[in-house]
Amino acid sequence: MYRDPVGHRIKTLNNLMKRTMDKKFGHRPDRATLMHTWIIGFLDEREELGVDTFQKDIESEFSINRSTTSEMLKLMCKKGMIQRVPVAHDARLKKIVLTDLSREFNKRMSYNMEQIHNQLIEGLSQEEIETFIKISDKLIDNIRKGL
């Protein structure tokens, strides 16, 4: 059987990142999953820029399908992490906004996420980091083309 050296490393990195984050954050009483953490950070970043965020933006950013995103957002609403707010220009659309609880959560998590990032890039030059990002973006684009 063919063993993809690129895909294998991506999956290994993913597994190691998840284990590192689980170890770093431990049991979270707020019951936020790692994906919730990423989404909260994404929403916070966009709020700071003054950009409204809709479900389709989350689907696109994280490459997850509509039904998965919808279920995840429902759960996040139920847990008080986000709210869906109607927009004036289209009654069908609801923008996703953070609650104060999530904004506070994001502040606490940002420091830990920065530590994990620094651990991840330890020993890499800025040029190596930029090359990795370029190559990763190309890999993502190649996979998206096939979907």
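Determine, yes or no, whether ILE96 is assigned to a strand (DSSP E or B) and in contact with a strand residue (DSSP E or B) (Cβ under 8 Å, 6 or more places away or on another chain). Judged against the criteria, ILE96 is a match.
Scanning segment 53-85 for residues that are hydroxyl-bearing (Ser, Thr, Tyr) and within 12 Å of the chain's Cα centre (by Cα) returns SER60, SER63, THR69. Inspection of segment 13-30 finds a residue satisfying the criterion of being under 30 Å from LEU93 (Cβ atoms) and touching a helix residue (DSSP H, G or I) at 6+ places or on another chain (Cβ under 9 Å). Of everything in segment 86-109, what is more than 12 Å from ILE40 (Cβ to Cβ), touching a Leu at 6+ places or on another chain (Cβ under 6 Å) and crowded, with 16+ Cβ neighbours inside 10 Å? Give them in sequence order. Listed by number, the list is empty, since nothing qualifies. Which of the residues belonging to segment 103-138 are in contact (Cβ under 8 Å) with a residue 40 or more places away in the chain and over 18 Å from the mean Cα position of the chain (by Cα)? Scanning segment 103-138 gives a single hit, GLN119. Out of SER60, SER102, one residue alone is at pLDDT below 95 and over 25 Å from ASP141 (Cβ atoms). It is SER102. Looking only at residues in segment 116-135 that are surrounded by 12 or more Cβ atoms within 10 Å (Cβ to Cβ) and of a type outside the set (Val, Ile, Thr), the one that is modelled with the lowest pLDDT is LEU120.
The helices (runs of 4 or more DSSP H) located wholly in segment 1-67 include none with 3 or more residues which are of a type in the set (Asp, Glu), closer than 25 Å to VAL87 by Cα and in contact (Cβ under 8 Å) with a residue 60 or more places away in the chain. Is it the case that some residue within segment 72-82 is surrounded by 12 or more Cβ atoms within 10 Å (Cβ to Cβ), part of a helix (DSSP H, G or I) and among the small types (Gly, Ala, Ser)? No, segment 72-82 contains no residue that is surrounded by 12 or more Cβ atoms within 10 Å (Cβ to Cβ), part of a helix (DSSP H, G or I) and among the small types (Gly, Ala, Ser).
The values are calculated or read from the model by the stated rules, or taken from the named source; none is laboratory data. In this text the structure is predicted, and so the values were computed from the model without any measurement. Here Cβ is always computed from backbone atoms with ideal geometry, including for glycine, and neighbour counts include all displayed protein chains.
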